[in-house]
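Here's the structure, in structure tokens; my notes come after.
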Amino acid sequence: MVRNDSRPLLSCSPWALLVLLLALAAWFAWRLAAPLVRGLHDEEARPRMVVARGDLAEDEKATIELFRGASPAVVHITTWDKRYALDRFRLRALDVPQGTGSGFVWDDRGYIVTNAHVLANATRYLVTLDDRTEYEAYPVGYDADFDVAVVKIDAPRGKLTAIPVGSSSGLLVGQKVFAIGNPFGLDHTLTTGIISGLEREIQATPRGEPIRGVIQTDAAINPGNSGGPLLDSAGRLIGMNTAIYSPSGVSAGVGFAVPVDTINKVVPALIRTGAVEPPRMGVVIAPDQVARALRVRGLVVESVQPGSGAARAGLRSMDISTDEIRADVITAIAGEPVESSADIKRILSGFRSGETVKLDVLRDGVPIAVEVTLQGGE
């Protein structure tokens, strides 16, 4: 009898064949990669030898020394606002964080200078010194037009290092500058750059007068830098960082600082009286459109107050009795050109009652000089 069996000698399911093929592929891959894997690690690996750096460059040394010298004068300012909440039928007062900013020590009596907008809408202020000691600060005075404010802390004089004060009158575009502050709460951050523009004009507050003579810099200035010092390469204060121009709200290489010459006039007035109330000359200035109509550059004297320093100096009120308007035009005060009433306040804030100031006046097209004794302002 013949056996008829047509089944293959070797058979398997498709899944078993797939598993076999994958195993073969894995085996070949391992065989190819094994030499590479074996060369990835070395059990005898050790740290490399450190190469001697050598001395720092001279400009690096100067920057480090500048930062070390100026840092003790820079402070961190934290503000809170008062909020009220009802707790089980009882009204409770809560201190809610308002913001942070920077400032600097003006003198060893505890006066701290910062931007007015740093303190705006706050009821409590805390100043942190370089050594991280904290002090409650009390408002002394502020002027929104100049965006300058002064607070005072009760700290031992030995803990307070006043910042060296320079001048902003001789600054040059391209001059190296240094900004120290607390951007985003990162205390005592140093950024460097150059003066990229001078005599800029910015609006400190929506309703305030524009600040003139502002310094423009490309040193990185970010939120939290406001109120911090802008220094020259000698470590002297030449401005106070106050604003940035940026669509995104962070540094875009265009920052602004209130010039130190303005600060050095405003701060003593705030310490003396709590407000910038410069002495008066005794004149009323005509609206700006009058100067434009007369095609003159300066301040047109509309009227002179009887018995004032301006009256004794011989300044004249505007005469409109004829077809031709005749008026004295003040073109400069104490050697500084003037174009708006804000310039009077800025310049005279550095003077006191009883002092004499020189005016450059244009009268009937002829330049003359008069000296006015100032009154009031205390």
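Details
- Condition check for residue 122: closer than 29 Å to residue 210 by Cα, in a loop (DSSP other than H, G, I, E, B) and not charged (D, E, K, R): yes
- The set of residues from the range 267-280 being at pLDDT 90 or above and crowded, with 18+ Cβ neighbours inside 10 Å comprises 267, 270.
- Screening 265, 345, 358 for residues that are in a strand (DSSP E or B) and closer than 30 Å to residue 165 by Cβ leaves exactly one candidate, 358.
- Residue list for the range 301-341, restricted to those being of a type in the set (Val, Ile, Thr), farther than 17 Å from residue 279 by Cβ and without any contact (Cβ under 8 Å) to a residue 24 or more places away in the chain: 320, 322
- The numbered conditions (1) in contact with a Ser or Thr (Cβ under 8 Å, 6 or more places away or on another chain); (2) within 24 Å of residue 220 (Cα to Cα) are all true for residue 186 except (1).
- Test: residue in the range 213-221 that is modelled with pLDDT under 90, under 20 Å from residue 119 (Cβ atoms) and not aromatic (Phe, Trp, Tyr): yes
- When the range 169-190 is filtered for residues that are in a loop (DSSP other than H, G, I, E, B) and modelled with pLDDT under 90, the ones remaining, listed by number, are 169, 170, 182, 186, 187, 188.
- Residue in the range 58-111 that is nearest to residue 179 (Cα to Cα), counting only those that are among the basic types (Lys, Arg) and modelled with pLDDT of 85 or more: 68
- Residue match in the range 211-221 (condition: within 14 Å of the chain's Cα centre (by Cα) and among the charged types (D, E, K, R)): yes
The values are calculated or read from the model by the stated rules, or taken from the named source; none is laboratory data. From a predicted model like this one, the values you see are computed outputs, not experimental measurements. Please note: Cβ atoms are built from the backbone with ideal geometry, for glycine as well, and neighbour counts cover all protein chains shown.
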